[in-house]
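Structure record follows, encoded as structure tokens.
The values are calculated or read from the model by the stated rules, or taken from the named source; none is laboratory data. Values in this document were obtained by computation on a predicted structure and should not be read as measured data. Cβ sites come from the backbone with ideal geometry, for glycine too, and all protein chains shown count toward neighbours.
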Amino acid sequence: MRLVTLDGPVLGGIIGDSVVALRPALAAAQRAAGEAPADIIPDDMVALISNEATMVAAGRALAFAARAENAALRAPLSEARLLAPLKPGKILGVGRNYGDHAKEAGGPKLEMPKIFLKPTSSVVGPGAAVHIPAAVKKADWEVELGVVIGRRARNVAEGVALDHVAGYTVLDDISAREFQFDVPLPMTSFAKGMDGFCPMGPCIATADEVGEPWALDIRCWLNGEEVQHGNTRDLIFPVATLIAFLSRYMTLEPGDVIATGTPAGVGHFRDPPRYLKPGDRLRMEVERVGVLEHSIA
Ligand code: ZN
């Protein structure tokens with residue numbers, strides 16, 4: 001399933017180039033089956049993805065809406081107003097996690113993942129025009145695979161870590177580089193935590209839809225020019241390793257998001273460096289997950 005949060009907010013799913021509101025689609029499926037209506041679809045994505053019964057109901061709603069005769073339940077995706085797919089509980093970022101990006105950034109080989117936090121107040125939805133604070137002169141892009149936790153994880157082994165994943169999303173880990181590199185001590189969470197610095201979406205592609213996240217292409221275009229192109233096979237600490245590591249120190253709750261790091265090609269390490277400016281358009285794609293687009297205001 002490709003689950004979305006539509007302006008309302010109401011929960012929905014993507015079928016091809018259409019979008020379906022889950023609640024009316026489930027009601028229609030129940031009516032067609034002669035069942036008593038049972039409205040179990042919540043308005044909140046975290047409530048949906050953390051409950052097996054509601055996920056089954058969502059799947060049933062989308063399957064019913066996908067039938068040719070049920071076109072009335074579908075609306076054009078291009079006209080839908082999508083919000084960020086979820087309000088994360090916490091967003092855990094991972095620095096320098098692709099080999100080629102670690103190389104362009106320089107520094108020692110990491111023995112463990114470099115973790116920082118992005119506040120949930122930095123999240124904005126697909127299509128957002130992000131306002132960079134006037135005082136920030138070195139705003140930069142970072143396409144990332146976002147891992148959405150669906151089941152509580154505490155002290156989990158790597159071998160079962162992926163059982164705790166509800167799905168995946170795309171995010172831009174926007175970073176004010178002056179607070180990482182031009183200050184005596186890096187202020188990573190602050191650099192990456194400003195308002196609007198976490199565009200996310202367009203959907204949560206469920207784990208069954210994506211498969212195992214070992215070899216997903218990941219790309220970013222700035223104003224139509226490809227600036228990043230990597231693959232999750234080059235993650236230094238892969239998704240399961242990150243979940244196992246993090247869960248030894250903090251409980252991962254449904255709705256938490258792990259921003260797994262970005263491949264080479266960010267603006268700061270270019271020669272000359274290149275930073276985001278008003279009017280820039282970003283397109284970010286993770287294979288089998290989706291395409292996130294946003295702009296800079
Ligand atoms: Zn990042």
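What the table below lists for this structure:
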| read-out | value |
| --- | --- |
| Qualifying residue in the range 271-293 (condition: surrounded by 20 or more Cβ atoms within 10 Å (Cβ to Cβ), over 22 Å from ILE14 (Cα atoms), in contact with a Phe, Trp or Tyr (Cβ under 8 Å, 6 or more places away or on another chain) and touching a residue at least 24 places away in the same chain (Cβ under 8 Å)) | yes |
| Candidates ALA264, ALA244, ALA297, filtered to the one that is more than 23 Å from GLY127 (Cβ to Cβ), more than 16 Å from the ligand (Cβ to nearest atom) and small (Gly, Ala, Ser) | ALA244 |
| Residue match in the range 185-196 (condition: assigned to a loop (DSSP other than H, G, I, E, B), under 15 Å from the mean Cα position of the chain (by Cα), at pLDDT 95 or above and not basic (Lys, Arg)) | yes |
| Lone qualifier among GLU144, GLU178 - being at pLDDT 95 or above, of a type outside the set (Val, Ile, Thr) and either in contact with a Lys or Arg (Cβ under 9 Å, 6 or more places away or on another chain) or not assigned by TED's automatic domain parsing to the domain that holds GLU212 (or both) | GLU178 |
| Among (1) outside the structural domain of HIS268 (by TED's automatic domain parsing); (2) in a strand (DSSP E or B); (3) not acidic (Asp, Glu), the one test that ALA47 misses | (2) |
| Cβ-Cβ under 7 Å pairs, at least 6 apart or on other chains, the range 175-192 side under 13 Å from PHE269 (Cα atoms), far side exposed (fewer than 14 other Cβ atoms within 10 Å of the Cβ) and of a type in the set (Lys, Arg) | GLU178/LYS137 |
| Boolean, ALA135 is under 16 Å from ILE296 (Cα atoms), free of Cβ contacts under 8 Å to residues at least 24 places away in the same chain and surrounded by fewer than 22 Cβ atoms within 10 Å (Cβ to Cβ) | yes |
| Of all residues making up the range 25-41, the number that are of a type outside the set (Gly, Ala, Ser) and either buried (at least 17 other Cβ atoms within 10 Å of the Cβ) or assigned to a strand (DSSP E or B) (or both) | 3 |
| Top-ranked residue in the range 250-261 [being part of a loop (DSSP other than H, G, I, E, B) and away from the ligand (no atom under 12 Å from the Cβ); ranked as surrounded by the most Cβ atoms within 10 Å (Cβ to Cβ)] | ASP256 |
| In the range 184-205, the residues that are within 16 Å of the ligand (Cβ to nearest atom) and more than 20 Å from PHE245 (Cβ to Cβ) | PRO186, MET187, PHE190, ALA191, GLY193, MET194, GLY196, PHE197, CYS198, PRO199, MET200 |
| The range 43-60: number of residues that are touching a strand residue (DSSP E or B) at 6+ places or on another chain (Cβ under 7 Å) and either hydrophobic (A, V, I, L, M, F, W, C) or crowded, with 16+ Cβ neighbours inside 10 Å (or both) | 4 |
| Listing of strands (runs of 3 or more DSSP E) fully contained in the range 69-183 that carry 2 or more residues being within 16 Å of the ligand (Cβ to nearest atom) and either under 18 Å from the mean Cα position of the chain (by Cα) or basic (Lys, Arg) (or both) | 91-95, 114-118, 143-149, 165-172 |
| Unmet requirement for ALA297, which otherwise passes all of (1) closer than 29 Å to ASP44 by Cα; (2) without any contact (Cβ under 8 Å) to a residue 40 or more places away in the chain; (3) surrounded by fewer than 17 Cβ atoms within 10 Å (Cβ to Cβ) | (2) |
| Meets criteria (within 14 Å of the chain's Cα centre (by Cα) and at pLDDT 95 or above) for GLY255 | yes |
